[in-house]
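Taken together, the values in this text are just the output of simple stated rules run on the coordinates, not laboratory data. The structure displayed is predicted, hence computed values, not measured ones. All Cβ positions, even for glycine, are placed from backbone atoms using ideal geometry, and neighbour counts span all protein chains on display.
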Amino acid sequence: MSDTETMWAPSDDDRPPPRPDRKPLIAFLVVLVIALLAAALMGGYLLGVHTAQSSVTPSSPAPTTTSAAPTTTTTATTTTDTTTTVTTTTTTAIGSGTIRNSTPAGSPIVLNVGYGVNLDSTQPNWDVVQSSDPVYFTDFRFDTEDTVLSSGRGFAPAPANAGYADCVAATAYTPELNVNQILAGGAYCTTSAQGRFALVAFHPAVGGQLTFDLTVWEKTP
C-alpha cells in the first residue's frame with residue numbers, strides 16, 4: 001500500500017477518525033464577542049458621559065453689548081390763554097395852525113363900551129358892531145365898563161406869544177373877564193361861535209376904551 005493510501009486508510013478498528021475539537025475556538029469567539037460588546041457598551045457609556053458633561057459645562061460668557069436706547073425728553077408747555085386789551089393812544093402833532101384873520105402889527109382893535117367884534121369874520125374891521133344894532137351879533141364884546149364877554153368857551157389865561165397849539169390845549173376857561181384883570185395887559189385864549197380858536201392880547205386900558213391884538217385860526221378838520 002502506498003503512503004497515500006496509508007494516510008487515509010481507516011483505523012484498525014474501522015472507526016472514522018475523530019473530528020477536530022472546536023470548543024476552544026467557540027469559546028474564543030464567545031469571549032471575543034463579549035469583549036466587543038463590553039467595549040461597545042463602555043464606549044457608549046463614555047460617550048454619554050462626555051456628552052452630558054459638555055451640556056453641563058458652562059460655556060464662555062458671550063460678550064455683553066449694551067445698547068443705550070435714545071432718551072426722549074418731552075417738555076410740556078402750559079399756555080394760559082389770557083386776553084390782553086392794549087389801548088393805543090395816538091398823539092397827533094397839532095402844528096402851528098392856519099391863521100384865518102389877525103390884526104396887523106401896530107394896529108390893534110380899539111373898542112368902546114357897547115361894541116363887539118365877530119371872531120369868525122375875515123374883514124379887516126372884524127365886522128365891528130354896536131350892541132344896539134338890529135343885526136347885532138358878536139363873539140367878543142366890551143359889554144360894560146367892567147366886563148368883557150365871549151359867546152364861546154370864555155377866556156383861558158395864556159402867554160402873550162401863545163400859538164394855536166397853546167389855545168387848543170388850554171382848559172382853564174372862565175365865562176367873562178373883569179376889566180381889572182386886564183388893566184396891565186394880558187393874553188387869553190377864547191373861541192368863536194363857530195368853534196375857531198383865537199388869542200386876545202390886551203394892551204393896558206386907556207380911558208374908557210378896550211385895546212387888544214387879535215389872532216384867529218382856522219378850524220382843524
Charge dipole (debye, nearest 20) of the range 99-217; +1 at Cβ of Lys and Arg, -1 at Cβ of Asp and Glu: 260
Ratio of the Cα radius of gyration of the range 117-221 to 2.2 N^0.38 Å, where N counts its residues: 1.01
Dipole axis of the range 99-217 (+1 Lys, Arg; -1 Asp, Glu on Cβ), positive-most option in ALA205, THR103, ALA170: ALA170
Local electrostatic count, ALA205, Cβ distance below 12 Å [Lys/Arg +1, Asp/Glu -1]: -2
Among PHE155, TYR115, THR144 the positive-end extreme of the charge dipole of the range 99-217 (Cβ point charges): PHE155
Burial order of peptide ranges 26-38, 165-177, 108-120 (average beta-carbon count within 10 Å, highest first): 108-120, 165-177, 26-38
Per-peptide average of other Cβ atoms within 10 Å, ordering 144-154, 190-200 highest first: 190-200, 144-154
